[in-house]
1. Pick out the one residue from B:57, B:15 that is touching a helix residue (DSSP H, G or I) at 6+ places or on another chain (Cβ under 9 Å) and farther than 24 Å from residue B:99 by Cβ.
2. Go through B:24, B:98, B:62 for me and flag whichever is within 14 Å of chain A (Cβ to nearest Cβ) and touching a strand residue (DSSP E or B) at 6+ places or on another chain (Cβ under 7 Å).
3. Which of the strands (runs of 3 or more DSSP E) found entirely inside the stretch B:38-112 contain at least 1 residues meeting this: buried (at least 19 other Cβ atoms within 10 Å of the Cβ)?
4. How many residues are over 21 Å from residue A:96 (Cα atoms) and surrounded by fewer than 20 Cβ atoms within 10 Å (Cβ to Cβ) when one looks only at the stretch A:16-41?
5. Are any of the residues in the stretch A:93-102 more than 10 Å from chain B (Cβ to nearest Cβ) and either buried (at least 19 other Cβ atoms within 10 Å of the Cβ) or modelled with pLDDT of 95 or more (or both)?
6. Quick one: how many residues across the stretch A:30-44 are without any contact (Cβ under 8 Å) to a residue 24 or more places away in the chain and part of a strand (DSSP E or B)?
7. Taking only the stretch B:65-84 into account, find how many residues are free of Cβ contacts under 8 Å to residues at least 60 places away in the same chain and away from chain A (no Cβ under 14 Å).
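The values are calculated or read from the model by the stated rules, or taken from the named source; none is laboratory data. These numbers come from a predicted model, not from an experiment. Cβ: placed from backbone, ideal geometry, glycine included. Neighbour counts: every protein chain shown.
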């Protein structure tokens with residue numbers, strides 16, 4: 001069964017360092033997303049991406065964040081200068097449908113720990 | 001304001017019990033209502049979604065949406081230990097590529 005894969009599963013970094021989280025969405029999907037979940041908190045939307053550009057972004061997704069689809073398969077989230085409060089689980093998701101019916105397929109997440 | 005409220009529990013029930021999970025919301029623009037299941041340290045997995053008001057059944061799971069009250073429910077019949085997980089409600093306005101707004105999740109434990 002097709003699945004969304006994410007790497008790394010866990011990354012530990014020092015405050016101020018750049019981090020790139022990688023995702024391979026399901027191959028025929030068109031919409032790509034990043035969400036994050038701080039321990040014990042809600043799953044929060046960061047950004048959506050369609051047709052090689054950002055569709056929507058949240059207030060969390062400030063200038064320190066960027067997304068890219070460098071080739072036909074990978075979808076990356078870059079955090080330019082990490083802060084302690086960026087420590088969270090980051091989930092990539094993809095969907096095939098044009099209506100946001102909620103049929104998102106999530107990866108298993110990348111746990112980011114900022115020291 | 002896009003806000004979704006969900007009682008985090010935890011909720012503990014014996015095997016075979018009927019479980020009721022609920023969310024309330026404030027944004028009347030929401031059209032699609034979803035229930036996700038999340039196991040510890042895993043990504044959310046879609047259980048079912050409902051468009052607008054009404055009921056939807058899938059096996060032991062029934063989702064209900066009451067848009068007039070801004071209230072959604074998930075019922076689990078004949079609960080099993082394998083149902084032990086965190087259940088997240090989520091909603092969207094249906095526009096392609098827009099955010100799903102999640103509740104905080106209710107942690108359910110089903111004991112055998």
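1. Testing whether each residue is touching a helix residue (DSSP H, G or I) at 6+ places or on another chain (Cβ under 9 Å) and farther than 24 Å from residue B:99 by Cβ leaves just B:15.
2. Exactly one of B:24, B:98, B:62 is within 14 Å of chain A (Cβ to nearest Cβ) and touching a strand residue (DSSP E or B) at 6+ places or on another chain (Cβ under 7 Å), namely B:98.
3. Correct list: B:45-51, B:61-66, B:71-76, B:85-92, B:106-111.
4. 9
5. Taking every residue of the stretch A:93-102 in turn, at least one turns out to be more than 10 Å from chain B (Cβ to nearest Cβ) and either buried (at least 19 other Cβ atoms within 10 Å of the Cβ) or modelled with pLDDT of 95 or more (or both).
6. Final tally of qualifying residues: 1.
7. Residues that pass the stated criteria total 12.
So that you can scan it fast, the table gives a plain yes or no per residue for (1) farther than 27 Å from residue B:86 by Cβ; (2) in contact (Cβ under 8 Å) with a residue 24 or more places away in the chain; (3) touching a strand residue (DSSP E or B) at 6+ places or on another chain (Cβ under 7 Å); (4) not in a strand (DSSP E or B):
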| site | (1), (2), (3), (4) |
| --- | --- |
| A:11 | no, yes, yes, no |
| A:21 | no, yes, yes, no |
| A:46 | no, yes, yes, no |
| A:55 | yes, yes, yes, no |
| A:62 | yes, no, no, yes |
| A:82 | no, yes, yes, yes |
| A:94 | no, yes, yes, no |
